[in-house]
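Read the figures in this text as sums done on the coordinates, not as results from a lab. No experiment lies behind these values; they were computed from the predicted model shown. FYI the Cβ positions are ideal-geometry reconstructions off the backbone, even for glycines, and counts take in every protein chain you see.
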Amino acid sequence: METTTKDVQKQEAAAKEGVERTRSKRLYVPPVDIIEGRDGLVLVADMPGVDENSVDITLEKNLLTIYGTVEPEIPRGHRMISSEYGIGDYQRTFILSDEIDGGKIEATVKNGVLRLTLPKAEAAKTRKIPVQAE
Amino acid sequence: MLWNNNSNWFWDPWDEFDRMRQSLSRDSFRHSSGFPAINTWVSSDDSVVTTEIPGVDPANIDISVVGRTVTLRGSRRADELQEDESYHRRERWSGEFSKAIELPFNIEADKVTAKFNNGVLYLTLPKAEAEKPRKIEIKSS
């Protein structure tokens, strides 16, 4: 299902049991698209306020975690009269299947959108087996 | 439903009082709901409006200002899939948006500035000169 602008809602992350945050900032779960192709996956995440220096991508065993730090730009000497969205960091963790080659993950950030390319390991790529006529 | 929660900001009784006073006055500030979510600040000279529209090409953001109303329009297209690609997950928005908000004062339209950094639009909208308080000099006779 395609998500239209009517359904958009910034989702705050639920704290994991037994894990407490040391920063007082809020934490959000970025919405993602995951596209699977023959050679791998493409993961796209909306993380407004994040640039290439403020996003961390870690892969531990098969857990891929993306973390974006946001330094909010609050106008000085102003009074807030309407707040429709909150500002905070982003975090989300994915379990990768064994077929992804962890060493070849690439990431770019543009206009607050993170794009990860996760190539499949050679062995996992779908191969087309030609069927020969007898 | 859109995310809209004023209570997450530190509660300040004077702010609350201010809001009540504002809602009673005729010039009360009203914001519409809908996408994109907008935060608004004011000072005695101007207003700052921010919104998060990641992935939108800045060339495709249309900002128009009339009187005290600011209208934002834009769009974002979904990725075009290749023949052998398919979505596993699809949570990101796509399509067009248009939203108008009303500020508590008229805007000096020529002096509005906009910047777009990392998917966050930041508008500075100066108050119209005619609405700024003026110091009246008293001439001695």
Could you order peptides A:101-107, B:37-43 by the average number of other Cβ atoms within 10 Å of their residues, highest first?
-> B:37-43, A:101-107
Kirkwood calc, the stretch B:36-141, C-alpha pairs only, radius in angstrom 16.2 Å
Measuring from label point to label point, each 7 Å out along Cα→Cβ, what is the B:Leu81 to B:Lys135 span in nm?
-> 6.6 nm
When B:Lys139, A:Lys10 are ranked with the fewest other C-beta atoms within 10 Å first, the list becomes B:Lys139, A:Lys10
How crowded by other chains is A:67-73, given as the mean number of beta carbons from other chains within 10 Å of each beta carbon?
-> 2
What FRET efficiency would be calculated for the residue pair A:Ile95, B:Ser33, taking the C-beta separation as r and a Förster radius of 51 Å, to the nearest 0.05?
-> 0.90
Taking the Cα centre of each part, how many Å lie between the stretch A:71-132 and the stretch B:100-141?
-> 38 Å
Taking the simple approach of a point 7 Å from Cα along Cα-to-Cβ for both A:Ile74 and A:Glu60, what is their distance in nm?
-> 3.1 nm
Rounded to the nearest 0.05, what FRET efficiency is calculated for A:Lys128 and B:Lys115 with R0 set to 30 Å and r the Cβ-Cβ distance?
-> 0.05
How are the Cα pair distances of chain A distributed, in percent, across 10 Å bins from 0?
-> 10, 34, 31, 15, 6, 3, 1, 0, 0
Hey, what did chain A get for relative contact order, percent, Cα under 8 Å, at least 6 apart?
-> 27 percent
Listed residues A:Pro119, A:Pro48, A:Pro75, most fluctuating in chain A (Gaussian network, C-alpha, under 10 Å) | A:Pro75
